[in-house]
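Written below as structure tokens is the structure these notes are about.
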Amino acid sequence: MDFKHSPADEAFRLEVRQWFKENLPRSMQRNMELGFFPPNGTDRRAFHRLLYKKGWVAPHWPVEYGGTGWTPIQQHIFEEESTHADAPYAAWSSTRLVAPVVMEFGTEAQKKKYLPPILNGDVQWCQGFSEPNAGSDLASLKSTAKLEGDHYIVNGSKIWTSEAHHADWGFFLVRTNTEVKPQHGISFLLIDMKSPGITIRPIIMISGSHTVNQVFLDNVKVPADQIVGEVNKGWGYGKFLLGNERTASAFIYYSRRELERARIVAQQEMIDGKPLIQHPHWARRFAQLDIELRALEYSVIRILTGERNKSDAFAVTSALKIRGSEIQQKVPELAADILGPRALRYFDGAVNPEIELASLMWPDYVPGRIHGALHSRAYTIYGGSMQVQKGIIAKAAFGL
Ligand SMILES: Cc1cc2nc3c(=O)[nH]c(=O)nc-3n(C[C@H](O)[C@H](O)[C@H](O)COP(=O)(O)OP(=O)(O)OC[C@H]3O[C@@H](n4cnc5c(N)ncnc54)[C@H](O)[C@@H]3O)c2cc1C
């Protein structure tokens with residue numbers, strides 16, 4: 001296998017790099033540099049619109065819906081360059097999660113209604129799958145949608161709903177039949193988050209961020225034509241969506257960028273008058289992570305270039321999710337370890353003046369590091385926990 005990209009792809013890389021250099025606002029870049037992850041909602045919305053204007057907001061979409069027509073390798077290069085430029089990512093739940101479901105299973109009317117505002121960034125979405133007693137065991141979800149005339153009446157509660165407080169619409173899994181096997185009574189319903197009866201309660205994470213919420217649905221009236229695909233077939237559409245979420249969760253670009261950042265920290269921090277990176281213990285940790293990340297990158301490229309059969313696709317996406325999320329945790333932990341006790345000083349990512357003040361005393365690379373390491377605890381949980389992914393591999397790849 002030849003790991004070098006073609007001259008055409010390298011020319012494409014330069015074009016993308018130049019565009020980011022000329023167009024990415026410095027303020028957005030700085031927020032990412034500081035390491036407060038995930039990027040804030042305002043930056044993400046503005047970045048989405050910027051990419052939309054350029055025509056680059058949904059490279060993975062088919063061209064007829066507004067995709068770029070890039071090859072998988074070009075999409076990969078674009079993600080690398082975007083992360084390397086310290087760009088925030090565009091609306092993920094909208095373009096990567098709900099849109100492919102609407103394209104694949106929605107009616108023509110739904111495609112016309114929902115896809116254009118996703119593309120131009122007017123409407124942002126959140127994912128209402130998990131419930132207080134239904135996370136890994138999602139099929140046991142209890143939120144109900146009862147048909148009354150031309151509407152459903154939805155009742156229940158969803159939890160860990162990322163960005164619900166910024167979202168205009170949500171895609172929900174709800175129970176529409178309680179008489180059958182749990183998987184056979186679930187539907188995929190699109191709900192306007194401004195509907196009367198929806199209450200959003202923030203959940204503050206250990207990192208101090210507000211990204212997740214509990215969402216309560218009390219007698220929420222939802223037009224029946226907002227079901228996607230067939231009634232009671234939502235479990236299959238949810239599985240299709242989770243497959244996409246797990247592949248994207250490998251998040252190698254972000255880990256690569258953070259490893260570069262950690263290396264810069266290790267070049268500037270000194271032990272016994274020598275940069276920390278030159279001490280064997282630290283050099284070894286960097287080398288180990290670099291090897292793990294490269295192996296993952298090559299696995300992703302093998303999949304992108306179709307160098308494998310598709311029969312074990314479920315096992316492969318789960319394996320990528322496991323490796324990707326483990327590395328995603330190890331990298332910010334390494335950066336925090338390098339800083340030692342200074343990493344323990346907590347900064348609130350939302351309070352910029354505090355960070356600017358800290359930068360006068362300490363280098364810029366200090367404030368966001370502990371935030372990043374704490375936030376990373378979530379990576380092996382969301383999109384399906386590590387243990388559950390291992391169960392999927394055991395079943396799909398080894399028939400256990
Ligand atoms: C930051 C963050 C953002 C999230 N965003 C969203 C979102 O936007 N929308 C959404 O719907 N959900 C979201 N989630 C929820 C996420 O998908 C669930 O947390 C996850 O599926 C695990 O479910 P749970 O938290 O109920 O844990 P549980 O399912 O209760 O699991 C608890 C523990 O038991 C283990 N376990 C459970 N079942 C098995 C099994 N069969 N075999 C082995 N071990 C098992 C798990 O690995 C875990 O360690 C988010 C979660 C986090 C942390």
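Calculate the dipole size of the chain relative to its Cα centre from +1 charges on Lys and Arg beta carbons and -1 charges on Asp and Glu beta carbons; express the result in debye to the nearest 20.
It comes to approximately 440 debye.
Given all pairs of different Cα atoms, what value in angstroms does the Kirkwood hydrodynamic radius of the stretch 256-323 take? Provide the component values of the computation, followed by the final result.
Values: mean 1/r = 0.0710 Å⁻¹.
Mean inverse Cα-Cα distance, inverted, gives 14.1 Å.
Within the accessible area of the stretch 158-310, what % is carbon and sulfur when the probe is 1.4 Å and the other protein chains stay in place?
54 percent
Ranked highest first by the average count of other Cβ atoms within 10 Å around their residues, in what order do 225-237, 65-77 fall?
225-237, 65-77
At a Förster distance of 41 Å, what's the computed FRET efficiency of Ala46 paired with Lys142, Cβ-Cβ distance as r, to 0.05?
Calculated transfer efficiency: 0.60.
Counting only protein heavy atoms, what percent of the accessible surface of the stretch 19-79 is carbon or sulfur at a 1.4 Å probe?
Percent of accessible area from carbon and sulfur atoms in the stretch 19-79: 51.
Among Ser157, Thr380, Val366, which residue has its Cα positioned farthest towards the positive end of the charge dipole of the chain, with +1 placed on the Cβ of Lys and Arg, -1 on the Cβ of Asp and Glu, and the dipole taken about the Cα centre?
With unit charges placed on the Cβ atoms, the residue in question is Thr380.
Rounded to the nearest angstrom and ordered from largest down, what semi-axes does the equivalent ellipsoid of the stretch 125-233 get from its C-alpha gyration tensor (root of 5λ)?
Numbers: eigenvalues 106, 52, 22 Å².
Each semi-axis is √(5λ); the values are 23, 16, 11 Å.
Please pull out the direction-averaged projected area of the chain, using the convex hull of its alpha-carbon atoms, in nm² to one decimal place.
Projected over every direction and averaged, the Cα hull of the chain covers 21.4 nm².
To the nearest 10 degrees, how steep is helix 234-248 against the longest Cα principal axis of the chain, on a 0 to 90 scale?
Taking Cα atoms only, the helix is inclined about 10 degrees.
Using unit Cβ charges (K, R positive; D, E negative) and no other charged atoms, how large, in debye to the nearest 20, is the dipole of the stretch 158-277 about its Cα centre?
Here the stretch 158-277 has a charge dipole of around 220 debye.
Can you bin every Cα-Cα distance in the stretch 200-324 into 10 Å intervals starting at zero and give me the percent of pairs per bin, rounded to whole numbers?
It works out to 10, 23, 26, 23, 12, 5, 1, in whole percents.
One quarter of the convex hull surface, Cα atoms only: what value does that give for the stretch 7-90 in nm²?
Dividing the Cα hull surface by four gives the mean projection, 5.4 nm².
Quick check for you: with a 1.4 Å probe and neighbouring chains kept, what is the accessible area per residue of the chain, in Å²?
The answer is 47 Å² per residue.
List the lysines whose Cα lies under 20 Å from the Cα of Lys221, skipping any in the same chain that are fewer than 8 positions away.
The reachable lysines, counting only those whose Cα sits under 20 Å from Lys221, are Lys113, Lys142, Lys146, Lys158, Lys194.
The values are calculated or read from the model by the stated rules, or taken from the named source; none is laboratory data. Computed from a prediction, not measured in an experiment: that's the story for all the values here. Cβ: placed from backbone, ideal geometry, glycine included. Neighbour counts: every protein chain shown. Accessible surface is based on the protein model in full, side chains and every heavy atom, while ligands, DNA and RNA are left aside. Shrake-Rupley method; radii C 1.70, N 1.55, O 1.52, S 1.80 Å.
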